[in-house]
Number of protein chains: 2
Amino acid sequence: MAETTDVVVAGGGVIGLAAAWETAGRGLSVRVVDPAPGHGAAWVAAGMLAPVTESTFGEEALAGLFVAAADRWPGFASRLQDATGSDTGFRTCGSVAVALDASDRAAIDQLLDHQLRLGLEASRLSASECRALVPALSPAVRGGALMPGDHQVDNRALVLALIEGCAGAGVKLTSDRVVSVSLDRDGAAAGVVTESGELFQAGTVVLAAGVGTPQIGGLPEGVVPPVRPVKGHTLRLRAEAGREAFPHTVRGLVHGRHCYLVSRADGTVVIGATSEERGYDTRVQAGAVHSLLDDARLLLPAVDEWELLECIAGLRPGSPDNAPFVGPTSVARLVVATGHYRNGFLLAPITAEAIAEHLTGGEIPAPLAAFRADRRVEAARSERPS
Amino acid sequence: MAETTDVVVAGGGVIGLAAAWETAGRGLSVRVVDPAPGHGAAWVAAGMLAPVTESTFGEEALAGLFVAAADRWPGFASRLQDATGSDTGFRTCGSVAVALDASDRAAIDQLLDHQLRLGLEASRLSASECRALVPALSPAVRGGALMPGDHQVDNRALVLALIEGCAGAGVKLTSDRVVSVSLDRDGAAAGVVTESGELFQAGTVVLAAGVGTPQIGGLPEGVVPPVRPVKGHTLRLRAEAGREAFPHTVRGLVHGRHCYLVSRADGTVVIGATSEERGYDTRVQAGAVHSLLDDARLLLPAVDEWELLECIAGLRPGSPDNAPFVGPTSVARLVVATGHYRNGFLLAPITAEAIAEHLTGGEIPAPLAAFRADRRVEAARSERPS
């Protein structure tokens, strides 16, 4: 006999888990269905929370969302830590954007002007100011900018804490893949069917399966928003055991290519990230690893000496306008939260709040109102550099 | 009570396992002690059997040994395959040495002249002849040489087949580390003591622990030959599933740096190898991975598209004159087989034959006679490019 909960969430990435945890915290019974919770794109991510450096030309509404999302992070992290006793690695580290050549410098200056016009907190840095903040930087660095409002979280510690928090809040975690939504005779969502053939009935179905969302069947055409896989590689290195390698996130522009290095308190460093459009392929490619190492060592020559722990690739759910899809759909009792692209971690707390509010009769937070799941978007791709 | 065998071998790398298998095949009881048989330097190697391309200036006696060693390979591989039913991946593929710039070309030409003077089989190739042999080569390749006598074996398949062959021949495999040799009251070797405190008595002790050999205690000074760890990184990639990526081993000289690519029948490719003197450190370093990818993609641009399966590092047992130490020592009933440096796989069959002959009252094969374990060698390092 099929089991019933108030809510079933398809997808246990950072969005699905955060939404499940928040929703369970408001008294609803919740099930999350995912073949490997936390081990998709969330596992590959670097955990940058970058409201300022991710704010770029032509995406002003998104910049507002990013700032509102970042504001929720300290509270979200401390509530999760209180609930679980687990450290999520959330911390205020700021980003230092650095330029390697004159064109890179001009590009950072232009973006800085734009960010300042949006009222974001950022300031120009000379080359020596960059090196004062991150002494390991290459002497070739031409200058850059400081974004003190950018933070970081340990993406893996966070999803593990969310799994723990979900378990503590009574969320049922099912290791399986949702293959379709089951509709009742009125066409409303009534549950999900999994790869192993189980039906999980629920009062509301939440689709939060990242790039897997469009592969979920059973729905009329056009209901699931158009997300596409944007492959990203990250590398994990160990600079020094038990000691932070450098104090700020480094976001480099290296002869026009983007490369970031996120330094964790335990001495590991995450280098990211490529952006490739190659369908659902998550194989690690030699060329991507080479390119990340190539750029990272130009920014911080010490990278050569560091231990390479892991090369991994994942798929970001890209959307046509680089913005997420969050909220109800044209199918009754079907809610969507996907399309978070490069900003899944930054947007997880506000998205989770939106889903939990919506499911308990509340309003979706204003900064997310422009990014409804049923909005019309251009189907054409709008690519951005990584 | 301590167990006794005719022979105890300290070290289950390609040398120790091959020696144990050959010795057991002649009727002696043998034990091999190794914490992880086959998983040291033998696991990291690429399995090139390169009598010609490894023959260089000033090492004429070694060149003779390499050719004699290569001659034993077809028989050794087919006996092992007959005994176990396992394919070792031994095959005749030849090497194509290729030059990326004019200096690289000159260096290959010089070495080719030297190899021809030694009577080795090799021939000069124009750039277009190189590309005819390996169509995936970069258009930048300047020419090179063909060494049809170079072969390959799948290093991992081979050590697994040797473990199987040893088991089939009654060799006892003990997962432990030898920490010292036990001597009897006459100062002759009588067994080994392991990390977990066990004593394995034996009629003869064979030290074949690669770079671990000098760490084995209990012996008078100067008995164990002076081998040192020479770190090497290799990468494993998948070019295409189930199909050989290119037909010959590619040995590139890339702006003075050496880089080789070994193509297996199943579509995997091994890229090697760095040479670093860093003590007993086997961590994978980002700079080494970058440098191997950097050189490999200059030789074969398609490398960028290949899946990167594994980055790994191991320690070759380097010797002062780049030659192995094989045979009896000044301690009675103590035999050594180490110092095989870059040529452990090539030299394994002739070394195993030498050990088995010596242990059964025979003679060490003539080509190995110059490389006795108790010969005097300069203690100074004699470094070679990788």
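Quick look at the values:
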| read-out | value |
| --- | --- |
| Heavy-atom accessible area per residue - chain B, 1.4 Å, Å² | 37 |
| Mean ellipticity per residue at 222 nm, deg cm²/dmol - from DSSP H runs of n ≥ 4 across chain B, formula -39500 (n - 2.57) | -9000 deg cm²/dmol |
| Residues listed by number, segment B:39-62, amide nitrogen under 13 Å from B:ALA106 label point at 7 Å toward C-beta | none |
| Label 7 Å beyond Cα on the Cβ vector: B:GLY361 copy-to-copy distances, nm | 9.9 |
| Taking N as its residue count, the alpha carbon Rg of chain B over 2.2 N^0.38 Å | 0.97 |
| Cβ-vector label at 7 Å, B:LEU116, separations to other copies in nm | 6.8 |
| Label point at A:VAL377 placed 7 Å out along Cα→Cβ; residues across segment A:311-342 whose backbone nitrogen lies under 18 Å | A:315-331, A:335-342 |
| Sulfur and carbon atoms: percent of accessible area, the protein assembly as shown [1.4 Å] | 50 |
| Theoretical gain in end-to-end length, A:THR360 to A:ALA167 [0.36 nm per residue, Cα-Cα removed] | 67.4 nm |
| Cβ-defined net charge surrounding B:GLN201, 12 Å radius [Lys, Arg +1; Asp, Glu -1] | -2 |
| Cβ-Cβ FRET estimate between B:GLU129 and B:SER78, R0 fixed at 41 Å, reported to 0.05 | 0.80 |
| Amide H partners (placed H, <5 Å) of B:SER29, local residues excluded | B:ASP6, B:VAL7 |
| Shortest-first nm distances, B:ALA102 label point to equivalent points in other copies (7 Å, Cα→Cβ) | 3.1 |
| Shielding by other protein chains, B:280-289, mean Cβ within 10 Å | 6 |
| Relative contact order (%) - segment A:53-202, alpha-carbon pairs under 8 angstrom, separation at least six | 23 |
| Normalised contact order of chain A, rounded percent, pairs of Cα under 8 Å and 6 or more residues apart | 23 |
| Distance cut-off 14 Å, percentage of C-alpha pairs in segment A:141-195 lying past it | 75 |
| Charge context of A:VAL254, other residues only, Cβ under 9 angstrom, K/R +1, D/E -1 | -3 |
| Kirkwood hydrodynamic radius (C-alpha pairs) into Stokes-Einstein, the protein assembly as shown, 20 °C and 1.002 mPa s, D in µm²/s | 73 |
| Efficiency of FRET from Cβ geometry, A:ASP281 and A:ALA369, R₀ 25 Å, rounded to 0.05 | 0.10 |
| Nearest 10 degrees, 0 to 90: helix A:155-168 Cα axis against chain A principal axis | 30 |
| Förster-model FRET efficiency, 56 Å R0, A:THR4 and A:ARG243, C-beta, rounded to 0.05 | 0.65 |
| In degrees, nearest ten, helix A:14-25 long axis to first principal axis of chain A (Cα) | 50 |
| Coil-residue trypsin sites (Lys or Arg not before Pro) of segment A:154-261, DSSP, other Cβ within 10 Å capped at 14 | A:ARG185, A:ARG243 |
| Chain pair A, B: total accessible area buried, heavy atoms, 1.4 Å probe, Å² | 1500 |
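The values are calculated or read from the model by the stated rules, or taken from the named source; none is laboratory data. Quick caveat, the model's predicted, so the values are computed rather than measured. In this analysis, Cβ positions are derived from the backbone assuming ideal geometry, glycine residues included, and neighbour counts consider all displayed protein chains. SASA here: full protein model, heavy atoms, side chains in, ligands and nucleic acids out. Shrake-Rupley method; radii C 1.70, N 1.55, O 1.52, S 1.80 Å.
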